[in-house]
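The values are calculated or read from the model by the stated rules, or taken from the named source; none is laboratory data. This structure is a prediction, so every number in the text was calculated from the model and none was measured. In this analysis, Cβ positions are derived from the backbone assuming ideal geometry, glycine residues included, and neighbour counts consider all displayed protein chains. Quick note on the areas: whole protein, heavy atoms, side chains included, nothing else; ligands and nucleic acids left out. Shrake-Rupley method; radii C 1.70, N 1.55, O 1.52, S 1.80 Å.
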Amino acid sequence: MKETGYQRRAFIKTAALSGIGIALSGPLSRALASSSLKGGRIGVIGLDTEHGPHFAKILNDPNAGDKYGGLRVVAAYPYGSRSIKSSVDSIPGHTEAIKKQGVKIVDSIEALLKEVDVVMLETNDGREHLQQALQVFKAGKPVFIDKPVAASLVDVLTIYRAAKHYNVPVFSSSTLRYIESVQEVAGGKIGKVKGVDIFTPAPMEPTHPDLYWYGIHGVEMLFTMLGPDCKSVSRVYTPDTDLVVGTWEGGRIGTLRGNRNGTWDFGGHAFGEKGHMPLGNFTGYAPLMPPIINFFETGKSPADPAETIGIYAFMEAAQESRTKNGATVSIDAIMKRCTKKSMKNSI
């Protein structure tokens with residue numbers, strides 16, 4: 001989504017990023033865009049989710065030709081979560097699936113980094129991401145981090161601070177960002193976006209904040225269309241449903257209905273200056289591949305870091321709102337508190 005200068009300044013002021021420096025829109029963005037791909041070998045960290053094998057199937061398809069710039073997945077490290085049973089149990093099957101795509105299995109991240117030029121961090125367990133990402137940053141390899149960037153906003157902020165410190169490009173996104181209708185709205189099809197209503201599956205995992213595990217897909221849709229400048233969040237929670245309301249700069253409203261009733265559809269409606277339009281469902285992983293390849297080739301993240309961090313601030317605020325029985329939570333307060341804690345993390 002193309003940000004206005006006002007939106008960008010509003011988020012930077014809100015973020016109060018005392019030590020990540022001055023700015024997600026200035027020095028950090030330039031640092032993250034400073035290097036580009038020097039080869040075409042991709043390594044996958046984490047086979048505790050189906051994403052790695054799916055991406056390898058797309059990229060290593062003999063019929064792909066030059067569609068993806070000749071980039072191929074050549075090596076994979078299976079771990080991954082070591083404690084979330086559903087994730088751990090899936091590793092053997094996903095390992096066999098990716099091996100069928102001609103991918104070499106290695107026994108450590110250190111070994112993987114010797115085999116590849118760039119990395120796709122696909123570990124399902126966000127608690128592992130900070131220590132895994134730090135190994136990649138120290139090796140100077142550009143990295144795509146699949147959702148969630150981490151299992152807390154504190155760790156997310158630390159990861160982006162570390163990326164700046166090591167001058168390594170990083171990009172994270174859900175494939176739901178690239179649904180055609182979402183991109184059309186973000187591109188101005190209905191003019192300036194006044195509001196968005198999203199519904200999404202929202203199953204939860206006890207080791208992660210509620211929306212981090214799956215509801216993040218719907219949150220990513222909201223931020224793609226509304227931008228990074230969310231000001232406050234409130235949440236109504238029941239065992240089957242979440243209703244999260246965010247207020248953006250200028251009084252714009254974004255809502256997220258998270259379903260835990262057995263439905264797995266995504267969608268919603270966007271409202272703009274020139275009209276309104278429905279939003280489509282999940283269409284597979286292929287739409288995410290061109291942005292990832294472009295990122296690896298250019299070293300520039302297709303998603304502004306401010307917007308990505310805003311997603312996690314929104315979800316952190318929603319978590320706090322639940323503990324406060326639906327009270328409205330300030331994004332500014334969340335960012336200040338988590339930034340202070342993040343600065344204590346070693347990189």
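Evaluate the range 19-33: report whether one residue or more is in contact with a strand residue (DSSP E or B) (Cβ under 8 Å, 6 or more places away or on another chain), surrounded by 20 or more Cβ atoms within 10 Å (Cβ to Cβ), under 26 Å from I309 (Cα atoms) and at pLDDT below 90. Within the range 19-33 (the criterion being in contact with a strand residue (DSSP E or B) (Cβ under 8 Å, 6 or more places away or on another chain), surrounded by 20 or more Cβ atoms within 10 Å (Cβ to Cβ), under 26 Å from I309 (Cα atoms) and at pLDDT below 90), the answer is yes, since at least one residue qualifies.
As a summary of the residue check, S174 satisfies the conditions (1) touching a strand residue (DSSP E or B) at 6+ places or on another chain (Cβ under 8 Å); (2) of a type in the set (S, T, Y); (3) under 24 Å from T247 (Cβ atoms) except for the one numbered (1). Restricting the search to helices (runs of 4 or more DSSP H) fully inside the range 137-236 and requiring at least 1 residues that are touching a His at 6+ places or on another chain (Cβ under 9 Å) gives 153-166. Just checking, how many residues over the range 87-105 are closer than 26 Å to E297 by Cβ and open to solvent by less than 20 Å² (accessible area, probe 1.4 Å)? Total satisfying the criteria: 2.
Restricting the first member to the range 116-130 and to residues that are open to solvent by 10 Å² or more (accessible area, probe 1.4 Å), and the second to residues that are part of a strand (DSSP E or B), the beta-carbon pairs closer than 8 Å and six or more apart or on different chains are D117/R41; D117/I42. Can we say W248 is more than 24 Å from G284 (Cα to Cα), aromatic (F, W, Y), surrounded by 18 or more Cβ atoms within 10 Å (Cβ to Cβ) and modelled with pLDDT of 95 or more? When the stated conditions are applied, W248 passes them.
Residue by residue, here is whether (1) of a type in the set (F, W, Y); (2) within 26 Å of N60 (Cα to Cα) holds:
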site	(1), (2)
K141	no, yes
A162	no, no
I179	no, yes
F199	yes, no
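Restricting attention to the range 84-126, the residues being closer than 21 Å to H165 by Cβ and not acidic (D, E) number 6. Only one entry in I347, I293 is in contact with a Gly (Cβ under 8 Å, 6 or more places away or on another chain), farther than 28 Å from R235 by Cβ and either polar (S, T, N, Q) or in contact (Cβ under 8 Å) with a residue 24 or more places away in the chain (or both), namely I293.
Based on what the data block shows, is Q131 among the polar types (S, T, N, Q) and within 20 Å of P53 (Cβ to Cβ)? It is false that Q131 is among the polar types (S, T, N, Q) and within 20 Å of P53 (Cβ to Cβ).
Looking across V196, V156, V136, V182, one residue alone is among the aliphatic types (A, V, I, L, M), open to solvent by less than 20 Å² (accessible area, probe 1.4 Å), in contact (Cβ under 8 Å) with a residue 40 or more places away in the chain and touching a Gly at 6+ places or on another chain (Cβ under 7 Å). It is V196.
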